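The values are calculated or read from the model by the stated rules, or taken from the named source; none is laboratory data. Quantities reported herein were computed from a predicted structural model and do not represent experimental measurements. Ideal geometry is used to build each Cβ from the backbone, glycine not excepted, and the neighbour counts take in all protein chains shown. Note: areas computed on protein heavy atoms with side chains; ligands, DNA, RNA excluded. Shrake-Rupley method; radii C 1.70, N 1.55, O 1.52, S 1.80 Å.
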Amino acid sequence: METVPGAACTELERYLFDLQGYLVIPNALSPAEVAACNVTLDQHQDFVGDGWHDNVRLYNDASRQEGLVLQQVYEAGLVWESLIDHPSWFAKAVHFIGSDDPENFDGHHGPAFIDECFASVRGPGQALRLHSGGHVGTIRTQYRFHAGKFHCGQVNVLIALNDIGPGDGATMVIPGSHKSNLRHPQTVPVDKRDAQTSVDGIAGAVEVHLKAGDALMFVDAIMHGSARRTNPGQRRMTVYRYGPSWGYFRHDMIPSAALLARLTPERRRIVMPHKAPLAANG
Ligand SMILES: O=C(O)CCC(=O)C(=O)O
């Protein structure tokens, strides 16, 4: 199931997102944009530990299986800033989080908020177990449709920065699981970090294979993860998480003053919709 870049949601996209919990947007980024993102990843691909580089937090714990993560990646340069409201997906993300309240648009807030954005580099043997699912009931990441509108708590846009096919550690999803009421009986409790890193033996789970530049848009409530990479080389991707503008940062990291100063007003209010509240009694 695929959609087209740049377009607002069609009735078919609305139907499929509701039914399956995700859409694939082919060619969401151009080859030049993908190449520019990869320059950043080339620069940091060998990092191990926990540190900062120009307001990007680099994290790679060798004892864990998740690989290198670059948190706050919208700080990493122009191409990463352009992903904040990229025309290939931004209108669709806003549509699915349902931030269409005119009062929000008119001043206090913006159309959406990015509570986390990161890039990821994984090598052979690395993975991320299946997690989430509608049965968990987490409000922040919930799937909800009410009164004719989507009201999703978190819509993720995961963009492949190289080709991700069989054996590459593709994102796994269980289509429809954003609405599940019961835990999948073939999955295990969340503390088993190394388990559930393959679709094998998990009925209904599929790998989503992407070409470099394709985007996978999914509601976080869908059960998802990434398969263990068995091929040599790296899997490279980035995720921007969109939610309602009244949300707050997932981790204890906020945009730098330098980023806020150089962003357009439209982008600034997506990364920092919150204004300093007025104190009671002055
Ligand atoms: O690494 C992946 O493919 C899945 C990422 C993920 O779990 C998420 O973005 O919530």
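Would you pick out the residues in the range 270-282 that are surrounded by 13 or more Cβ atoms within 10 Å (Cβ to Cβ) and either within 17 Å of the chain's Cα centre (by Cα) or touching a residue at least 24 places away in the same chain (Cβ under 8 Å) (or both)? Matches in the range 270-282: ILE270, VAL271, PRO273, HIS274.
Checked against (1) touching a residue at least 60 places away in the same chain (Cβ under 8 Å); (2) touching an Asp or Glu at 6+ places or on another chain (Cβ under 7 Å), VAL199 passes all but condition (1). For the residues THR197, THR171, the requirement of being within 15 Å of the ligand (Cβ to nearest atom), within 23 Å of ARG64 (Cα to Cα), touching a strand residue (DSSP E or B) at 6+ places or on another chain (Cβ under 6 Å) and at pLDDT below 95 singles out THR197. The criterion of at least 1 residues that are of a type in the set (Gly, Ala, Ser) is met by the following strands (runs of 3 or more DSSP E) wholly inside the range 106-190: 113-122, 155-160. Restricting attention to the range 25-49, the residues being assigned to a loop (DSSP other than H, G, I, E, B) and under 24 Å from PHE90 (Cα atoms) number 5. Scanning the range 50-77 for residues that are part of a strand (DSSP E or B) and within 15 Å of ASP252 (Cα to Cα) gives ASP50, GLY51, TRP52, VAL56, ARG57, LEU58, TYR59, LEU70, GLN71.
Would you be able to say whether some residue in the range 205-227 is more than 19 Å from the chain's Cα centre (by Cα) and either more than 16 Å from the ligand (Cβ to nearest atom) or closer than 23 Å to LEU41 by Cα (or both)? Checked against the condition, which is being more than 19 Å from the chain's Cα centre (by Cα) and either more than 16 Å from the ligand (Cβ to nearest atom) or closer than 23 Å to LEU41 by Cα (or both), the range 205-227 yields no hits at all. With respect to being more than 13 Å from the ligand (Cβ to nearest atom), open to solvent by less than 60 Å² (accessible area, probe 1.4 Å) and over 19 Å from GLN20 (Cβ atoms), GLY233 fits the description. Taken over the range 141-154, the criterion of being away from the ligand (no atom under 11 Å from the Cβ) and of a type outside the set (Gly, Ala, Ser) is satisfied by GLN142, TYR143, ARG144, PHE145, HIS146, LYS149, PHE150, HIS151, CYS152. For the range 50-98, a residue qualifies if it is on the phi > 0 side of the Ramachandran plot and open to solvent by less than 30 Å² (accessible area, probe 1.4 Å), and the qualifying residues are GLY67, GLN72, GLY77, GLY98. Among the candidates ALA212, ALA195, the residue that is more than 30 Å from ASN38 (Cβ to Cβ) and either assigned to a strand (DSSP E or B) or open to solvent by 20 Å² or more (accessible area, probe 1.4 Å) (or both) is uniquely ALA195.
A single member of ALA279, ALA221 is assigned to a loop (DSSP other than H, G, I, E, B) and in contact with a helix residue (DSSP H, G or I) (Cβ under 7 Å, 6 or more places away or on another chain), and it is ALA221. In this entry, ARG267 passes the filter for residues that are open to solvent by 20 Å² or more (accessible area, probe 1.4 Å), modelled with pLDDT of 95 or more, more than 16 Å from the ligand (Cβ to nearest atom) and of a type in the set (D, E, K, R). Filtering the range 16-49 to residues that are among the acidic types (Asp, Glu) and either more than 21 Å from GLU81 (Cα to Cα) or open to solvent by less than 70 Å² (accessible area, probe 1.4 Å) (or both) leaves ASP18, GLU33, ASP46.
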